[in-house]
Amino acid sequence: GGVLDRVGVVTMAEEESMRQLIAAFPDLANLKFPLEEEELASIIDKIKERDDLPRPPRQEVPHFGSNAPPQARHKGIQAFIESFQYNYTGENFFNVKGVRQNQSLFRVIEVAKRVIKDSLPIKCVEAVYLGIYLSQSMRDVERLPIIFNSEIDGHKYGHIILLLRYAGRIGAVGLSRRSDLMYKSWGFETLAEVILDYKRSYEKWSHKLNKIKIGTPIPHEGSNRVSQVVNWAHTIINVRGQPWEETEKELHKRGR
C-alpha cells in the first residue's frame, strides 16, 4: 500500500497505460504529484470533455465453485486484486477511511463493490476490502487483517494485508509496490511464520518494523455480526528493539 511510496517498480502494463494517457493529454507529462485540489478538478473536467476516450476495462469478478481447492481460491482472489493497477498518483480515488477509523463490515463491502464498478487503480486498503468481499461466502476461510508500521530514513509508513487461514494453513492476499510485501502463498503453519516472512521482506528493503497490529476475524456472509464495526487493530505488538523470540511468543498467543 503506502509502504514504499519512495521506491518501487512500474509494470509493463502500467507503463503502456501511462503512455496512452499522456498521448491523449500531453500536459499530463509535466504534472507533479500529489496534485492541488483545484488542479485535479481541472484535469477531471478536461477528461470529461473528451468523448473519444475508450471506456476503462471492467474487471471480471471470479466465481469459485463450492469444491474449489483452497490454493485455487487463494490464487484467484490475489489475481483479481492484481488486475487493478497500483495507484501511484498520491491521490485516493475511493472514500476509504483507511484503517485508523474502524467501520462496519457493511461499509467495507459497499466500498469493494464501488472499486469493482469503477475499475480505477487501488492501494493496499482497497485490496484488503476486495479480499474480504471475494471471500465473504467462504465459511471455511478465516480472514484476519494485519497492519505493519515501518520506518526508513525517518519516514514512517503503514501497510495492511489480509491473512487467509483454512485447513490449518495460512496465506495472505494484498497489494504493494513490492511483490514480497503483499501475496504469500498458502502453506504457512503458524501466524508467527508468515509474519516472520513479512519481517524479512521489510528488512530486505531496509525498512525497520515498529509495530504489528492484528485485527479480529472478519465475520462471514449471513453472520449477525455483519453490521458490527471491523476491528483492524485489536492486538498491537511493539517490535522495534524487541528480540524476535519475544514477538514470536506474543504471536503464538494470538494465533491459537
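The values are calculated or read from the model by the stated rules, or taken from the named source; none is laboratory data. Keep in mind the model is a prediction, meaning the values are calculated, not measured. Here Cβ is always computed from backbone atoms with ideal geometry, including for glycine, and neighbour counts include all displayed protein chains.
Observations on the structure shown:
- Residues satisfying the stated conditions in the range 166-215, i.e. more than 13 Å from V239 (Cβ to Cβ), under 18 Å from the mean Cα position of the chain (by Cα) and of a type in the set (A, V, I, L, M): I170, A172, V173, L175, L181, M182, V194
- Flag if A167 is of a type in the set (A, V, I, L, M) and at pLDDT 95 or above: no
- Residue within the range 157-168 that is surrounded by fewer than 20 Cβ atoms within 10 Å (Cβ to Cβ) and either closer than 13 Å to I81 by Cβ or among the basic types (K, R) (or both) present: no
- Residue within the range 123-139 that is among the hydrophobic types (A, V, I, L, M, F, W, C), touching a Lys or Arg at 6+ places or on another chain (Cβ under 7 Å) and within 22 Å of T190 (Cβ to Cβ) present: yes
- Listed conditions (1) more than 22 Å from V61 (Cα to Cα); (2) surrounded by fewer than 19 Cβ atoms within 10 Å (Cβ to Cβ) are all met by K117, apart from (1).
- Selected residue [β-branched (V, I, T) and in a helix (DSSP H, G or I)] from V96, V115: V115
- Restricting attention to the range 45-73, the residues that are surrounded by 10 or more Cβ atoms within 10 Å (Cβ to Cβ) and not in a loop (DSSP other than H, G, I, E, B) add up to 6.
- Pairing each residue of the range 57-73 that is in contact (Cβ under 8 Å) with a residue 60 or more places away in the chain with any residue that is charged (D, E, K, R) and surrounded by 10 or more Cβ atoms within 10 Å (Cβ to Cβ), provided the two are 6+ apart or on different chains, yields C-beta distances under 7 Å for F64/R73.
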